[in-house]
Amino acid sequence: MTVLVNPTALSNHKARDFRMLIDGKWEAGAADPIERVAPSHGVVVSRFPTGSKTDAERAIAAARKAFDLGPWPRMTASERSAILLKAADLIAARAEELAFLDAIEAGKPITQVRGEIAGSVDIWRYAAALARDLHGESYNTLGDGTLGVVLREAIGVVSIITPWNFPFLIVGQKLPFALAAGCTTVVKPSELTSGSTLVLGEILQEAGIPEGVVNIVTGRGPEVGAVMTSHPDVDMVSFTGSTGVGKLTMSNAAQTLKKVSLELGGKNPQIAFPDADLDAFIDAAVFGAYFNAGECCNAGSRLILHKSIASDVVKRIAELSKAVKVGDPLDPSTQVGAIITPQHLEKISGYVAGARSSGARVAHGGETLDLGMGQFMAPTILEAVTPDMAVAREEVFGPVLSVLTFETTAEAIGTANSIDYGLSAGVWSRDFDTCLTVGRSVRAGTVWMNTFMDGASELPFGGYKQSGLGRELGRHAVEDYTETKTLNMHIGKRTSWWMPQTESRLGRS
Ligand code: NDP
């Protein structure tokens with residue numbers, strides 16, 4: 001089902017001119033701004049400063065100064081937590097503005113983005129709570145003469161680089177935790193969707209973040225991002241994006257041995273056994289494949305179905321796919337919005353064409369949609385896909401579902417694990433043993449059982465294999481932005497190294 005784009009919805013919308021935030025000041029940048037055209041309506045909706053290499057260097061210098069000399073790392077956790085809580089309240093107060101920006105810049109359905117902003121508020125509050133629970137360890141068990149204390153110290157200056165598919169949600173999976181630990185930051189949002197991150201800068205200033213603690217430099221990855229991942233004054237890089245740029249980030253960071261945290265791509269399987277609740281599974285299969293137009297690292301883009309149910313399940317998914325509403329992101333009934341750029345739509349179509357020529361059959365969709373303006377892709381199901389096809393192994397990042405089959409549990413696990421990615425997976429069965437066997441054998445950071453793409457601020461998220469390094473969210477998220485320091489203290493009588501006969505000392509190399 002399609003929802004035609006309302007051509008007048010943005011006709012009175014004046015493109016918003018944004019500035020970037022460096023050392024507490026809003027700047028326009030020296031070069032012409034980057035213009036963002038709404039992927040749904042084809043009109044310019046935002047202009048972002050084109051940050052330069054020098055802008056990135058100035059932002060890093062500001063973050064360095066704020067870390068080395070400023071109040072932020074020296075405040076009590078209670079004071080930092082209060083600012084993060086205030087930020088959460090201000091995000092909630094500006095939720096509609098933030099949701100609108102992400103909807104028009106990314107082409108995401110407005111109803112869905114409202115949920116993402118509400119989710120972000122919860123994450124900011126969770127990070128505020130964790131800030132006050134950050135602590136080290138003490139060892140009072142090392143003998144009369146020794147006391148050991150293990151400190152957690154903020155790691156320092158953190159570069160945060162984010163993609164276009166969840167602009168506000170993803171910065172919220174990183175920034176509040178880095179701030180909670182006492183770090184200072186330079187943030188680079190995607191050049192396509194920088195608006196909501198820049199509004200976040202205003203919110204943080206209003207909440208009381210000191211100058212230089214959060215710098216936001218807009219612009220292009222190879223220019224701004226390259227400095228942020230290689231500069232010697234940066235201590236850690238937290239990156240979400242494609243696996244290719246993730247590898248580049250790691251290699252840049254390796255030159256000065258920065259810590260890296262990488263959240264990368266996925267090609268996530270949903271495995272269904274004949275005894276599963278098929279109504280629930282079919283609903284989850286449709287949701288998993290088409291949510292966020294499939295432009296989602298967690299997309300359930302591979303179905304691995306038991307042969308005995310495959311043909312019936314594909315028919316039912318195709319039927320349900322017809323009812324999915326694709327179209328105007330500003331229409332509250334829309335479930336699948338626009339594709340981020342015309343080039344990306346071409347890439348998606350190319351995958352479908354490639355799969356067809358390799359022998360896959362289109363069970364539903366397969367074509368681009370003309371909804372009057374913008375760029376859209378029909379929800380697409382490809383059957384008779386084999387594990388060696390590109391569409392079964394690579395991230396399409398569009399609303400395209402590849403269907404594979406299996407006969408034995410071992411075969412299902414083997415197919416699930418046969419690719420380079422390992423972000424998430426789903427298993428559907430009413431049998432406890434089946435779910436646990438598959439859940440423990442699939443190499444992925446999250447395995448959903450009889451559900452898909454559920455999440456909570458408390459649950460760690462991240463990938464195995466080439467889906468990433470490290471985990472976000474969860475109890476340890478703040479610790480990720482810390483260094484560990486050992487304080488080894490001597491108490492009382494000493495022994496001398498040059499008189500080994502008195503008592504031997506334990507050397508440490
Ligand atoms: P990219 O990797 O192209 O870009 C991500 C960010 O990196 C952008 O801000 C980009 O800037 C920047 N960048 C580009 N080149 C460089 C460089 N040389 N040095 C430093 N930074 C650079 O990903 P997309 O924005 O296209 O996002 C889609 C990808 O993100 C998908 O593959 C998806 O799977 C992955 N993703 C992973 C998630 C996870 O948690 N595992 C969650 C969401 C997305 P610019 O905008 O200028 O290109």
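For region 476-489, does any single residue satisfy the condition of being in a loop (DSSP other than H, G, I, E, B), assigned by TED's automatic domain parsing to the domain that holds Val245 and open to solvent by less than 20 Å² (accessible area, probe 1.4 Å)?
So far as region 476-489 goes, yes, one or more of its residues are in a loop (DSSP other than H, G, I, E, B), assigned by TED's automatic domain parsing to the domain that holds Val245 and open to solvent by less than 20 Å² (accessible area, probe 1.4 Å).
Somewhere in region 143-156, is a residue open to solvent by less than 10 Å² (accessible area, probe 1.4 Å), within 12 Å of the ligand (Cβ to nearest atom) and at pLDDT 95 or above?
So far as region 143-156 goes, no, none of its residues is open to solvent by less than 10 Å² (accessible area, probe 1.4 Å), within 12 Å of the ligand (Cβ to nearest atom) and at pLDDT 95 or above.
For Leu473, only one of the following conditions fails: (1) crowded, with 16+ Cβ neighbours inside 10 Å; (2) without any contact (Cβ under 8 Å) to a residue 12 or more places away in the chain. What is its number?
(2)
Could you check how many residues of region 158-182 are outside any loop (DSSP other than H, G, I, E, B) and of a type in the set (Ser, Thr, Tyr)?
Counting residues in region 158-182 that are outside any loop (DSSP other than H, G, I, E, B) and of a type in the set (Ser, Thr, Tyr) gives 1.
Could you check region 204-223 and list, in sequence order, the residues that are over 20 Å from Ala28 (Cβ atoms) and either free of Cβ contacts under 8 Å to residues at least 24 places away in the same chain or more than 8 Å from the ligand (Cβ to nearest atom) (or both)?
Correct list: Glu206, Ala207, Gly208, Ile209, Pro210, Val213, Pro222.
May I ask you to say which residue of Gly439, Gly455, Gly492, Gly426 is assigned to a loop (DSSP other than H, G, I, E, B), of a type outside the set (Lys, Arg) and either at pLDDT 95 or above or surrounded by 13 or more Cβ atoms within 10 Å (Cβ to Cβ) (or both)?
Gly455
Assess whether Gly266 counts as being within 14 Å of the ligand (Cβ to nearest atom), closer than 23 Å to Thr446 by Cβ and touching a Gly at 6+ places or on another chain (Cβ under 8 Å).
yes
Can you name every residue in region 179-199 that is in contact with a Pro (Cβ under 9 Å, 6 or more places away or on another chain) and farther than 22 Å from Ala154 by Cα?
Once the filter is applied, which keeps residues that are in contact with a Pro (Cβ under 9 Å, 6 or more places away or on another chain) and farther than 22 Å from Ala154 by Cα, region 179-199 yields Pro189, Ser190, Leu192, Thr193, Ser194, Gly195, Ser196, Thr197, Leu198.
Out of region 166-203, which residues are more than 13 Å from the ligand (Cβ to nearest atom) and of a type outside the set (Gly, Ala, Ser)?
Leu175, Pro176, Phe177, Leu179, Cys183, Thr184, Thr185, Leu198, Val199, Leu200, Glu202, Ile203
Write out, first by first residue and then by second, each pair whose Cβ atoms fall under 6 Å of each other, whose residues are 6+ apart or on separate chains, and whose first residue, in region 224-246, is closer than 27 Å to Gly422 by Cβ while the second is modelled with pLDDT under 95 and more than 7 Å from the ligand (Cβ to nearest atom).
none
I need a count of the residues in region 366-377 that are surrounded by fewer than 23 Cβ atoms within 10 Å (Cβ to Cβ) and within 12 Å of Ile339 (Cβ to Cβ).
The qualifying residues number 4.
What tally of residues in region 225-246 results from selecting those that are closer than 30 Å to Val391 by Cβ and more than 10 Å from the ligand (Cβ to nearest atom)?
Summing the residues that are closer than 30 Å to Val391 by Cβ and more than 10 Å from the ligand (Cβ to nearest atom) in region 225-246 gives 0.
Look through region 462-475, keep the residues that are part of a loop (DSSP other than H, G, I, E, B) and within 11 Å of the ligand (Cβ to nearest atom), and return whichever of them is farthest from the chain's Cα centre (by Cα).
Top of the filtered list is Gln466.
State the number of residues belonging to region 386-402 that are open to solvent by less than 10 Å² (accessible area, probe 1.4 Å) and hydrophobic (A, V, I, L, M, F, W, C).
Result for region 386-402: 5.
Within region 442-452, can you find the residues that are among the hydrophobic types (A, V, I, L, M, F, W, C) and either open to solvent by 40 Å² or more (accessible area, probe 1.4 Å) or within 15 Å of the ligand (Cβ to nearest atom) (or both)?
If the condition is that a residue be among the hydrophobic types (A, V, I, L, M, F, W, C) and either open to solvent by 40 Å² or more (accessible area, probe 1.4 Å) or within 15 Å of the ligand (Cβ to nearest atom) (or both), then Ala444, Val447, Met449 are the ones that fit.
In region 122-141, is there at least one residue being within 16 Å of the ligand (Cβ to nearest atom) and not aromatic (Phe, Trp, Tyr)?
Within region 122-141, one or more residues are within 16 Å of the ligand (Cβ to nearest atom) and not aromatic (Phe, Trp, Tyr).
Does Thr185 satisfy the condition of being part of a loop (DSSP other than H, G, I, E, B), touching a residue at least 60 places away in the same chain (Cβ under 8 Å) and open to solvent by less than 10 Å² (accessible area, probe 1.4 Å)?
Spelling it out, it is not the case that Thr185 is part of a loop (DSSP other than H, G, I, E, B), touching a residue at least 60 places away in the same chain (Cβ under 8 Å) and open to solvent by less than 10 Å² (accessible area, probe 1.4 Å).
Of the conditions (1) in a strand (DSSP E or B); (2) open to solvent by 20 Å² or more (accessible area, probe 1.4 Å), Glu202 satisfies every one except a single condition; which number is it?
With respect to (1) in a strand (DSSP E or B); (2) open to solvent by 20 Å² or more (accessible area, probe 1.4 Å), Glu202 is out only on (1).
May I ask you to list the residues in region 44-79 that are of a type in the set (Val, Ile, Thr), under 25 Å from the mean Cα position of the chain (by Cα) and closer than 18 Å to Pro33 by Cα?
If the condition is that a residue be of a type in the set (Val, Ile, Thr), under 25 Å from the mean Cα position of the chain (by Cα) and closer than 18 Å to Pro33 by Cα, then Val45, Thr50 are the ones that fit.
The values are calculated or read from the model by the stated rules, or taken from the named source; none is laboratory data. Remember, it's a predicted structure, so these values are computed and weren't measured experimentally. Because the Cβ atoms are built from the backbone with ideal geometry, glycine has one as well, and the counts that use them run over all protein chains shown. Note: areas computed on protein heavy atoms with side chains; ligands, DNA, RNA excluded. Shrake-Rupley method; radii C 1.70, N 1.55, O 1.52, S 1.80 Å.
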